[in-house]
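The values are calculated or read from the model by the stated rules, or taken from the named source; none is laboratory data. As the structure is a computational prediction, the values presented were derived from the model and not from experiment. Virtual Cβ from ideal backbone geometry, glycine too; neighbours counted across all protein chains shown.
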Amino acid sequence: METLEVGCAIIHRNGQLLIAQRNLKDSFGGYWEFPGGKREQDETIEACLVREAFEELGIRVHPEKLLCNRVQGSPERKISLFFFFCRWESGEPRAIDCKDFRWVSREDIRQYTLLPGDLEVLEDLVLHWEEYFKT
C-alpha cells in the first residue's frame, strides 16, 4: 500500500487563518484547504511546509508545532496529513500555484468548502480558537 505524507500549514495572522483554493485541474479542484502539499523524498514535513508555502503563495513560514496527524485513504493508498501551526514570517500571499487565497476569520471560515481531511481539524480550531491563537 502506498503512503503519501502531506504537510498542512495552519497560518495565523492578525486573528485570521490563511486558506488556499485548489486549482480547478487538481483533484478536489475548487475546494479550499490549509496550504501545503506532498513531502518529497528525504524532506522533513517541516521543510515541506516551508517549500510549499513559498511555491504556492510566495510567503515564508516557520513551522512551530504539530497540532495533529490524521490518516485517510483507500485500500490502495493511505494519506497521512500532518497539521502544523506555522508562524507567518514574510511576504504577502499571491496565488502562484493555487486558484485563490483568503485570510479568513473564525466567523467566516465555514463559508468556504474545505477539503474533507481539513474539516475535522477546522472544527477543533474553531472550538479552541482563543487557546490556539492568543492575540
Subject >> Residue selected from segment 92-107 under the condition acidic (Asp, Glu) and surrounded by 13 or more Cβ atoms within 10 Å (Cβ to Cβ), by the criterion nearest to residue 16 (Cα to Cα) >> reply: 100
Original post:
Which residues, taken from segment 1-26, are β-branched (Val, Ile, Thr) and loosely packed, with under 12 Cβ neighbours inside 10 Å?
Top reply: 3
Original post:
Exactly one of (1) closer than 24 Å to residue 112 by Cβ; (2) at pLDDT 95 or above; (3) of a type outside the set (A, V, I, L, M, F, W, C) is unmet by residue 70. Its number?
Top reply: (2)
Original post:
Tell me, which residue of segment 27-43 that is surrounded by fewer than 19 Cβ atoms within 10 Å (Cβ to Cβ) and of a type in the set (Asp, Glu) is farthest from residue 83 (Cα to Cα)?
Top reply: 42
**OP:** Identify the residue in segment 44-65 that is surrounded by fewer than 15 Cβ atoms within 10 Å (Cβ to Cβ) and out of contact with any Asp or Glu (no Cβ under 9 Å at 6 or more places or on another chain) and, among all such residues, is nearest to residue 7 (Cα to Cα).
**Re:** 44
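Per-residue answers, yes or no, for (1) more than 18 Å from residue 53 (Cβ to Cβ); (2) touching a Lys or Arg at 6+ places or on another chain (Cβ under 7 Å):
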site: 89; (1), (2): no, yes
site: 92; (1), (2): no, no
site: 101; (1), (2): no, no
site: 105; (1), (2): yes, no
site: 108; (1), (2): yes, no
site: 111; (1), (2): yes, no
site: 114; (1), (2): no, no
site: 124; (1), (2): yes, no
site: 128; (1), (2): yes, no
Original post:
Which pairs have Cβ atoms under 9 Å, sit 6 or more apart or on different chains, and link a residue in segment 112-135 that is in a loop (DSSP other than H, G, I, E, B) to one that is surrounded by fewer than 11 Cβ atoms within 10 Å (Cβ to Cβ)?
Top reply: 135/14
Original post:
Among strands (runs of 3 or more DSSP E) lying entirely in segment 1-96, which contain 2 or more residues that are within 13 Å of the chain's Cα centre (by Cα) and within 20 Å of residue 123 (Cα to Cα)?
Top reply: 2-13, 16-21, 60-73, 77-90
